[in-house]
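Undergrad: Here it is, the structure, as structure tokens.
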């Protein structure tokens with residue numbers, strides 16, 4: 001298991017942010033051949049042009065487009081060694097107040113998008129007896145912070161999916177890593193739904209303050225995949241909060257309730 005020396009890689013959400021950082025890291029430091037996929041085909045093409053890769057339009061919420069992406073990888077690369085299910089969106093707000101259409105939207109991208117990627121590519125990797133799937137979740141999937149219910153639910157499900165898939169693929173020689181970062185600068189906040197201006201500003205400030213940004217997250221995640229690690233938590237605050245939650249789950253829940261009280265003032 002681990003990553004091949006010159007992997008054939010498919011990256012979703014490759015047009016910007018972490019997806020673009022994955023593509024740059026793979027091309028410049030790991031000699032990969034890459035399919036850069038994004039729902040924004042022009043953005044995918046810009047990333048591909050920068051590294052001499054192939055661009056593909058893909059709405060991960062649609063199974064037929066993920067199947068077409070796999071067919072493109074088969075045709076252009078002759079197969080796949082690394083699948084990075086990275087495409088994601090954000091929805092904030094209190095449960096009961098977030099519109100159900102926003103729940104459906106985020107479930108389609110963040111959860112069904114990863115399910116589709118695993119459903120389509122896992123059998124290919126199992127059949128060839130090698131490869132790796134890297135699913136991008138979030139520390140929110142481990143910590144469930146308040147006022148981010150839809151986001152937390154999708155990312156927690158991606159963690160569970162990855163844990164299950166890790167066990168199912170281990171004997172086949174295929175690795176699985178789930179990436180759970182905290183804050184770093186991406187475009188996800190700009191397109192987020194049901195988040196007020198004050199919350200958006202708080203998120204932007206925390207993103208800018210992080211010492212570990214997208215390039216670092218991509219590098220550390222790929223390093224973890226190379227070591228066949230299931231969990232990749234690149235930020236120290238995420239690692240410490242996860243430890244605290246496992247050590248004192250009830251106390252952690254009370255702390256979250258206090259955060260809600262403070263945010264509602």
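The values are calculated or read from the model by the stated rules, or taken from the named source; none is laboratory data. Just so it is clear, the structure is predicted and the values come from calculations on it, not from any experiment. Glycine also receives a Cβ, built like all others from the backbone with ideal geometry; neighbour counts cover every protein chain displayed.
Undergrad: Test of understanding: among 122, 137, 127, which residue is within 15 Å of the chain's Cα centre (by Cα) and within 30 Å of residue 73 (Cα to Cα)?
TA: 137
Undergrad: Give the residue, chosen from 161, 82, that is surrounded by 19 or more Cβ atoms within 10 Å (Cβ to Cβ), free of Cβ contacts under 8 Å to residues at least 60 places away in the same chain and under 29 Å from residue 8 (Cα atoms).
TA: 161
Undergrad: Hey, can you tell me all the residues within the stretch 36-69 that are surrounded by fewer than 22 Cβ atoms within 10 Å (Cβ to Cβ) and within 23 Å of residue 127 (Cα to Cα)?
TA: Scanning the stretch 36-69 gives 63, 64, 65, 67, 68.
Residues checked against (1) at pLDDT 95 or above; (2) more than 30 Å from residue 257 (Cβ to Cβ); (3) in a helix (DSSP H, G or I); (4) in contact with a helix residue (DSSP H, G or I) (Cβ under 7 Å, 6 or more places away or on another chain):
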| site | (1), (2), (3), (4) |
| --- | --- |
| 36 | yes, yes, no, yes |
| 49 | yes, yes, yes, no |
| 59 | yes, yes, no, yes |
| 70 | yes, yes, yes, yes |
| 80 | yes, yes, no, yes |
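Undergrad: Sticking with this structure for a sec: Looking at the stretch 218-233, I want the residues that are in contact (Cβ under 8 Å) with a residue 40 or more places away in the chain and at negative phi and have a partner that is surrounded by fewer than 18 Cβ atoms within 10 Å (Cβ to Cβ) and in a helix (DSSP H, G or I) with Cβ atoms under 6 Å, at least 6 apart or on another chain. Which pairs are those?
TA: Pairs found: 233/239.
Undergrad: Right, residue 156: in a helix (DSSP H, G or I) and free of Cβ contacts under 8 Å to residues at least 12 places away in the same chain or not?
TA: No; evaluated as a whole, the condition is false for this residue.
Undergrad: Separate question: Are any residues in the stretch 96-108 touching a helix residue (DSSP H, G or I) at 6+ places or on another chain (Cβ under 7 Å) and more than 16 Å from residue 157 (Cβ to Cβ), and if so, which ones?
TA: 98, 102
Undergrad: Checking the structure you have, find out if any residue of the stretch 6-24 is within 16 Å of residue 86 (Cβ to Cβ), part of a helix (DSSP H, G or I), over 14 Å from the mean Cα position of the chain (by Cα) and touching a residue at least 12 places away in the same chain (Cβ under 8 Å).
TA: Yes.
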